[in-house]
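A.B. asks: Got a structure here, written out as structure tokens. Questions coming.
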Amino acid sequence: MLLALLLAIPLSLFGWFVLQIGPVASGQTLQASFAWLPSLGIALSFRLDGLGLLFALLISGIGALVLLYASSYLHGHPHWGRFNGFILAFMAAMLGTVLAGDLFTLFIFWELTGLCSFLLIGFDYQQEESRRAAFQALLVTGAGGLALLAGIILLSQIVGSSDLTIILDSGGLVRSHNLYLPILLLMLAGAFTKSAQFPFHFWLPGAMAAPTPVSAYLHSATMVKLGIFLLARFSPVLGGTDSWFVCLTCIGGITLLLGAVKALLRTDLKQILAWTTVSALGMLTLLLGLGTPLAMTAAMLLLAVHALYKSSLFLTAGAVDHGSGTRDITRLGGIGRSMPQVALAGGLAALSMAGMLPLAGFIAKELFYEASLHAPSSPWLVTAVVFLGNSLTVAAALLAGYLPFYGTLKDTGLHPHQVDLRLWLPPLIPAMLGLLIGFFPAVFGSLLVAPAVARVAGRPVPVELALWHGFNPVLLLSIITLGTGLALFRLHRKIKLPTQPTKWDTEQLYHLLLAGLPGFAGMITRYLQNGRLRYYLMTVTGTAVALMAVTLFTSSTDSMDLPKPDGSLHEWLTALIILSGALMATMTDSRLAAVAALGVVGYGVALIYILFGAPDLAMTQFCIETLSIILFVLVLHKLPRFALLSSTGSRLRDMVVALGIGSIMTLLVWHAVSQPLIPSLSAWFMQQSLPAGHGRNVVNVILVDFRALDTLGEITVLAVAALGVYAMLKPRSSKGGTD
Amino acid sequence: MHSLILATAIRLLLPLMLLFSLFLLLRGHNEPGGGFVGGLVVAAAFALYTLAHGEKEGRRMLRIAPLQLVATGLLIALASGLLPLLAGLPFLTALWSSVPAPVIGHAGTPLLFDLGVYLLVAGMSLLIIFTLMEEN
């Protein structure tokens, strides 16, 4: 009952998406938009087009299978409910990303998928390995996400909108812009980390710490495909340039080979499958990089086909584990007799993965070869890479989908037994779908692949999928690939290969960086949080002054006129008193004298207020000076005798800092007074003071009437500051006090 | 620190200074003065008294805890802003009585607001001064 309710969510979504196939295939785009941050032009908007629909179908369909499967796989698990919550949240985040109609909507959901996958990978949180893998995935994809955010912001700045529909129409503008390369690199960083492209490939196999249903979902339909989705989505905007071609084909090619080779070096079923996922993601990146209509068609088809066979293989791997107790291929063999349905699903999926006639994988591989033979640049090199990768994939497919089930029972210690329906049906359905697509490729091509390709290419592209193209070079390549793959598979069982990761892996770099981080943080803390007030002061004032200086010297274009020295004698005398007070405060070696000298400075300033007709200010200044001197004396007479603790060097440094602050403040004031005052404001207050504020004292009327809200804020701050001082001084004084 | 001169003088000065501070507060709307400076004068008066007679005596003379002064001041200022709301006017709109009062002249909410500032500033300064002097 609970399971039915649970399945109702993804199934109803899937059903709705299926109903949209017709309208979307006819070229419609469904859109919905909700106001989110209207002042920034950001909307929570969604659009359903061919590309989004293909992904949405995979996400909701495979999601439903995974939920069904997990209900048996995690049967009796104490956190089964939590698992369902995570998976559904993950599904929602994925759907949000692929259906987003706004750059920022896309980014928010993109990051949510990262968070959800963190929870899912770390599902067995008692195990350290799980936690580490989850953390690694979050760090790597999160760092990429930040790069993506930067790219998105730049992109929306250039185009002047974050609406995806507008962005997708602005390809020419973006590609010819100076910032094109930075945007491309930033967005690629986001895409490559998410889909585990070299050199960020290492997090994905680590994510195998997740329960098998999660791996199946993560690897087939969801998160790792998001990077591919991003590349496909922005292909009309960013694609078609040399840098796009070079970046994607090189990285894709390296990832393709690296993943395929590593897959053959593993003995754990899930690890083998994980590395072939890396390899498949490399293929997809390579194809999108080629950028021809043929390559895009191959990419979209391969994407769907891969999702089907990979989900099936992962789910069978879990069933094998469940039914026989191990995932180690050196111990497995011949268990298919005990679990025929699982063996059928695994076998079909493996054949599709190997690209065998008449399965969907065959069509995808044919297209793949055709696209590589017609690559816009160095087709022979590309084809060679693809050939090598495909041959290795064939061998890996045999390892994962043939070896465990067929032949004789290798390890008699295993007692494989039948698994229940909920474990064999979910892998069988996508495997059968692969067969179905193989028989009706044209229908699948026109309904799902063509609308998606049209969005990737930015224009309608004729898509004709067929199982049989006649005898041609591509077919020949396919046959040679199968032969080579079979040979590799045979060879693989003969020779012993190293199974541990080498020290030249980029994962080592990640660990190095991670280990260096606490040291770096410690260094920052030592500089910024060292507990010494004088350094805090120096940092704060230094930063403020530096910022002010930069603003002052870069933004002010008008020259500052040196004011003419035309003061009267008593003004000069006052200035002299202030100066000598300040000088005295720095030179004296008695604290009391220093305080008194500061008092002289304060009174001098108050005197200036009087001379320039501001009695209110002067009066307040006199009171403040008196009180602060009293406070100073109260604090100072508790301190030990004055002693010169600081060295000459630090005194010199303090002098430089003080002079810097003083000079900048002087320049600032100078600049301010050299600007013409806006007389209208003060005149308005002068005029309005008596009639509107019932007072002749303009200053006070402004304080308590015109800008009373400001004053209210300020006195609130004062009250809070008083509480702070009270809280800081009180516990200390009460400790040694009366009680 | 005990000074006979200061101790004697402040007994006479304290009421004068308090009176002066009230004068500053009330006339502030038309002449130099106001709540802020008035509050500072109150604080100075009690600070001098406390210097001469000690912290306990100072607190006794003030009769009300400084923290309560701060709170009362803030509440009065806030209330002066809330009053116009009752009359359906925006927050902090000034209300004035039409009949002039004997000493103050026109009475109105800005004066109430100023009184709040006055109490708060005096309370805050005295809070710090008393706390600092406590240990002696």
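A.B. asks: Regarding B:Thr72, is this residue within 11 Å of chain A (Cβ to nearest Cβ) and either touching a Phe, Trp or Tyr at 6+ places or on another chain (Cβ under 7 Å) or surrounded by fewer than 22 Cβ atoms within 10 Å (Cβ to Cβ) (or both)?
C.D. replies: yes
Matching residues to (1) modelled with pLDDT of 80 or more; (2) farther than 30 Å from B:Ile128 by Cα:
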{"position": "A:His637", "(1), (2)": "no, no"}
{"position": "A:Phe706", "(1), (2)": "yes, yes"}
{"position": "A:Ile715", "(1), (2)": "yes, no"}
{"position": "A:Lys730", "(1), (2)": "no, no"}
{"position": "A:Gly737", "(1), (2)": "no, no"}
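A.B. asks: Let me spell it out: the conditions are (1) open to solvent by 10 Å² or more (accessible area, probe 1.4 Å); (2) farther than 26 Å from A:Asp321 by Cα, and A:Ser195 meets all of them except one. Which number is the exception?
C.D. replies: (1)
A.B. asks: Exactly one condition in (1) within 8 Å of chain A (Cβ to nearest Cβ); (2) buried (at least 18 other Cβ atoms within 10 Å of the Cβ); (3) out of contact with any strand residue (DSSP E or B) (no Cβ under 9 Å at 6 or more places or on another chain); (4) part of a helix (DSSP H, G or I) is not met by B:Leu126; state its number.
C.D. replies: Unmet condition: (1).
A.B. asks: Still on this structure, I have one more. How many residues, within the stretch A:15-57, are open to solvent by 20 Å² or more (accessible area, probe 1.4 Å) and in a helix (DSSP H, G or I)?
C.D. replies: Final tally of qualifying residues: 12.
A.B. asks: Residues that are at the interface with chain B (Cβ under 7 Å from one of its Cβ atoms), over 43 Å from the mean Cα position of the chain (by Cα) and charged (D, E, K, R): which helices (runs of 4 or more DSSP H) entirely in the stretch A:650-739 hold 1 or more of them? So that I can check it myself, show each step before the final result.
C.D. replies: On the way: elements: A:679-693, A:698-701, A:708-735.
In the stretch A:650-739, A:708-735 are the helices (runs of 4 or more DSSP H) which contain 1 or more residues that are at the interface with chain B (Cβ under 7 Å from one of its Cβ atoms), over 43 Å from the mean Cα position of the chain (by Cα) and charged (D, E, K, R).
A.B. asks: If you don't mind, there's one more thing I want to ask. Which condition number in (1) open to solvent by 40 Å² or more (accessible area, probe 1.4 Å); (2) within 30 Å of A:Trp572 (Cβ to Cβ); (3) assigned to a helix (DSSP H, G or I) is the one that A:Asp616 fails?
C.D. replies: Unmet for A:Asp616, out of (1) open to solvent by 40 Å² or more (accessible area, probe 1.4 Å); (2) within 30 Å of A:Trp572 (Cβ to Cβ); (3) assigned to a helix (DSSP H, G or I): (1).
A.B. asks: Right, next: From the list B:Val121, B:Val117, B:Val99, pick out the single residue that is in a loop (DSSP other than H, G, I, E, B) and β-branched (Val, Ile, Thr). Walk me through it before giving the result.
C.D. replies: Values: B:Val121 fails: in a loop (DSSP other than H, G, I, E, B); B:Val117 fails: in a loop (DSSP other than H, G, I, E, B).
From the options B:Val121, B:Val117, B:Val99, the qualifying one is B:Val99.
A.B. asks: Looking for something of a type in the set (Lys, Arg) and under 30 Å from B:Thr72 (Cα atoms) - is there at least one such residue anywhere in the stretch A:697-708?
C.D. replies: Keep residues of the stretch A:697-708 that are of a type in the set (Lys, Arg), which gives A:707.
Now restrict to residues that are under 30 Å from B:Thr72 (Cα atoms): A:707.
Yes.
A.B. asks: If you scan the stretch B:26-40, which residues turn out to be open to solvent by 10 Å² or more (accessible area, probe 1.4 Å) and in a helix (DSSP H, G or I)?
C.D. replies: Scanning the stretch B:26-40 gives B:Leu26, B:Arg27, B:Phe36.
A.B. asks: Test of understanding: among A:Gly389, A:Gly458, which residue is under 30 Å from A:Val261 (Cα atoms), in contact (Cβ under 8 Å) with a residue 24 or more places away in the chain and of a type in the set (Gly, Ala, Ser)?
C.D. replies: On the way: A:Gly458 fails: under 30 Å from A:Val261 (Cα atoms).
That would be A:Gly389, the only listed residue that is under 30 Å from A:Val261 (Cα atoms), in contact (Cβ under 8 Å) with a residue 24 or more places away in the chain and of a type in the set (Gly, Ala, Ser).
A.B. asks: Now for a separate question. May I ask you to list the residues in the stretch A:277-296 that are open to solvent by less than 10 Å² (accessible area, probe 1.4 Å) and either of a type in the set (Val, Ile, Thr) or farther than 19 Å from A:Phe198 by Cβ (or both)?
C.D. replies: If the condition is that a residue be open to solvent by less than 10 Å² (accessible area, probe 1.4 Å) and either of a type in the set (Val, Ile, Thr) or farther than 19 Å from A:Phe198 by Cβ (or both), then A:Thr277, A:Val278, A:Thr285, A:Ala295 are the ones that fit.
A.B. asks: Could you please tell me which pairs satisfy a Cβ distance under 7 Å, a separation of 6+ or placement on different chains, a first residue in the stretch A:714-725 that is under 13 Å from B:Gly73 (Cα atoms) and open to solvent by 50 Å² or more (accessible area, probe 1.4 Å), and a second residue that is among the hydrophobic types (A, V, I, L, M, F, W, C) and in a helix (DSSP H, G or I)?
C.D. replies: A:Thr716/B:Leu74
The rows are residues; the columns are (1) of a type in the set (S, T, N, Q); (2) at pLDDT below 90; (3) within 29 Å of A:Ala431 (Cβ to Cβ).
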position	(1), (2), (3)
A:Leu30	no, yes, no
A:Ala35	no, yes, no
A:Leu40	no, yes, no
A:Arg47	no, no, no
A:Leu58	no, no, yes
A:Leu65	no, no, yes
A:Ser72	yes, yes, yes
A:Gly76	no, yes, yes
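A.B. asks: Polar (S, T, N, Q), farther than 27 Å from A:Leu120 by Cα and under 24 Å from the mean Cα position of the chain (by Cα) - does that describe any residue in the stretch A:23-35? Don't jump to the end; show me each part of the working.
C.D. replies: So the first thing to find is which residues in the stretch A:23-35 are polar (S, T, N, Q), and the list is A:26, A:28-29, A:31, A:33.
When the remaining residues are screened for being farther than 27 Å from A:Leu120 by Cα, the result is A:26, A:28-29, A:31, A:33.
Filter once more, so that each one left must be under 24 Å from the mean Cα position of the chain (by Cα): A:33.
Yes, the stretch A:23-35 contains a residue that is polar (S, T, N, Q), farther than 27 Å from A:Leu120 by Cα and under 24 Å from the mean Cα position of the chain (by Cα).
A.B. asks: Of the residues A:Gly355, A:Gly413, A:Gly407, A:Gly336, only one is modelled with pLDDT under 85, closer than 18 Å to A:Ala487 by Cα and not hydroxyl-bearing (Ser, Thr, Tyr); which?
C.D. replies: On the way: A:Gly355 fails: modelled with pLDDT under 85; A:Gly413 fails: closer than 18 Å to A:Ala487 by Cα; A:Gly336 fails: closer than 18 Å to A:Ala487 by Cα.
Exactly one of A:Gly355, A:Gly413, A:Gly407, A:Gly336 is modelled with pLDDT under 85, closer than 18 Å to A:Ala487 by Cα and not hydroxyl-bearing (Ser, Thr, Tyr), namely A:Gly407.
A.B. asks: Please tell me if A:Ser646 is out of contact with any Phe, Trp or Tyr (no Cβ under 6 Å at 6 or more places or on another chain) and in a helix (DSSP H, G or I).
C.D. replies: Details: out of contact with any Phe, Trp or Tyr (no Cβ under 6 Å at 6 or more places or on another chain): yes; in a helix (DSSP H, G or I): no.
Here the answer is no, as A:Ser646 does not meet what is asked.
A.B. asks: Starting from residues that are open to solvent by 70 Å² or more (accessible area, probe 1.4 Å) and in contact (Cβ under 8 Å) with a residue 40 or more places away in the chain, keep the ones in the stretch A:671-703 and report whichever is farthest from B:Leu115 (Cα to Cα).
C.D. replies: Going through the qualifying residues, I end up with A:Val673.
A.B. asks: Residues being in contact (Cβ under 8 Å) with a residue 40 or more places away in the chain and within 13 Å of A:Leu367 (Cβ to Cβ): count how many of those fall in the stretch A:463-485. Break it down stepwise before answering.
C.D. replies: Initially, the stretch A:463-485 is screened for residues in contact (Cβ under 8 Å) with a residue 40 or more places away in the chain, giving A:463, A:465-467, A:469, A:473-475, A:477-478, A:480-482, A:484-485.
When the remaining residues are screened for being within 13 Å of A:Leu367 (Cβ to Cβ), the result is A:463, A:465-467, A:469, A:474-475, A:477-478.
Here the count works out to 9.
A.B. asks: Something else about it: For a quick check of your reading of the model, give me the residue pairs whose first member lies in the stretch A:222-236 and is within 7 Å of A:Ser195 (Cα to Cα), whose second is hydrophobic (A, V, I, L, M, F, W, C) and modelled with pLDDT under 90, with beta-carbon atoms closer than 7 Å and at least 6 apart or on different chains.
C.D. replies: A:Val224/A:Ala196; A:Val224/A:Leu204; A:Val224/A:Leu218
Here's the yes/no breakdown for (1) modelled with pLDDT under 85; (2) open to solvent by 60 Å² or more (accessible area, probe 1.4 Å); (3) within 8 Å of chain B (Cβ to nearest Cβ); (4) over 53 Å from the mean Cα position of the chain (by Cα):
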residue	(1), (2), (3), (4)
A:Thr626	no, no, yes, yes
A:Val633	yes, no, no, yes
A:Arg641	yes, yes, no, yes
A:Leu644	yes, yes, no, no
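A.B. asks: Name every residue in the stretch A:282-328 that is more than 28 Å from the chain's Cα centre (by Cα) and under 15 Å from A:Leu65 (Cβ atoms), in order of residue number.
C.D. replies: Hits for the stretch A:282-328 are A:Tyr309, A:Ser312, A:Leu313, A:Leu315, A:Thr316, A:Ala317, A:Gly318, A:Ala319.
A.B. asks: I want to confirm something. Restricting to the stretch A:254-276 and keeping residues that are out of contact with any Leu (no Cβ under 8 Å at 6 or more places or on another chain) and under 16 Å from A:Phe387 (Cα atoms), which single residue is least open to solvent (accessible area, probe 1.4 Å)?
C.D. replies: Once the filter is applied, the top-ranked residue is A:Thr276.
The values are calculated or read from the model by the stated rules, or taken from the named source; none is laboratory data. Because the structure is predicted, anything quoted here is derived from the model rather than measured. Every residue, glycine as well, gets a Cβ built from its backbone with ideal geometry; the counts of neighbours run over all protein chains shown. The accessibility values were calculated without ligands, DNA or RNA, using every heavy atom of the protein model including side chains. Shrake-Rupley method; radii C 1.70, N 1.55, O 1.52, S 1.80 Å.
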